[in-house]
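Working notes for the structure below.
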Amino acid sequence: MGTKYFKIFFAVLILSVLQSCPNTGEEVCDGKEASANIPNLITITPLKQVYSQGEEITYQLIIPSENNYFGDPVNLYQKTGTTDGWYIASTTQLFDGNNVTYVKGSKRNGAENWHNVTYNSASGNYELEIKVKLNKTGNYSLFADDRVDFLGSDKCNRNFIYTNIQGKNADNKIEFKVQ
């Protein structure tokens, strides 16, 4: 009888040890994403108070793949394996009614205000560069806070960077006029 209980105990012990070993084929994740607030990653050049109709500006976002934004050194491209970060822009007013040309990156399908910030292996940066010909006259008031998502697998490698447009005013906006 003692041998039977010993065998059962030993079998339960072995099973519990085997279940606690990580699956070497999958990444071990704690379900938490990394996020960072990094100011002034977005630029508008030239940034002026008043533009003439037809002037062109450059809207640009550059994020180095290798950075310390999340506390420790990280290479976003190696960590996530994604070639495109998703930039969620609050600046749709700038793009609506104006001539928009993507120099680097692209418009993301399926959402009006999403853009692909594309990894450039030559520079080691994720890049979005948009030329905007200001055809639409009037006052512009752009909310200056935005987010970029770097999503690896469904469970892991979620990194979010919150940033703003350089030159924002006290109300967190970029304001100008096109006449």
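What follows draws every value from the coordinates through simple rules; no lab data is involved. Fair warning: this is a prediction, and the values are worked out from it, not measured in the lab. Every residue, glycine as well, gets a Cβ built from its backbone with ideal geometry; the counts of neighbours run over all protein chains shown.
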With 0.36 nm assigned to each residue of separation and the Cα-Cα distance removed, Glu56 to Ser121 gains 20.6 nm
At 37 °C and a viscosity of 0.692 mPa s, what translational diffusion coefficient does Stokes-Einstein give for the stretch 99-162, taking Rh as the Kirkwood radius over Cα pairs? Give it in µm²/s as a whole number.
233
Show log10 I(q)/I(0) for the stretch 52-115 at q = 0.12, 0.16, 0.21, 0.27 Å⁻¹, two decimals, from a solvent-free Debye sum over equal Cα scatterers.
-0.43, -0.69, -0.98, -1.29
Taking only the alpha carbons of the stretch 70-179, the radius of gyration and the largest Cα-Cα distance, Dmax, both in angstrom, are 15.4, 49
Taking r as the C-beta separation of Gln179 and Tyr102 and R0 as 22 Å, the FRET efficiency to the nearest 0.05 is 0.25
Using the structure shown, select from Lys131/Lys177; Lys131/Lys173; Lys79/Lys168; Lys48/Lys79; Lys79/Lys173 the pairs with a Cα to Cα distance greater than 27 angstrom.
Lys79/Lys168; Lys48/Lys79; Lys79/Lys173
Segment Asn109-Asn40, length gained on full extension (0.36 nm per residue, minus Cα span):
22.2 nm
Each label point is 7 Å from the Cα along the Cα-to-Cβ direction; what then is the distance between the points at Lys136 and Asp171, in nm?
1.8
Take the Cβ-Cβ distance between Tyr162 and Gln49 as r, set R0 to 22 Å, and report the resulting FRET efficiency rounded to the nearest 0.05.
0.25
Identify the trypsin sites (Lys or Arg not before Pro) of the stretch 30-131 meeting these criteria: DSSP loop state and at most 14 other C-beta atoms within 10 Å of the C-beta.
Lys32, Lys48
From the Cα centre of the stretch 109-179 to that of the stretch 39-80, the distance in Å is 7
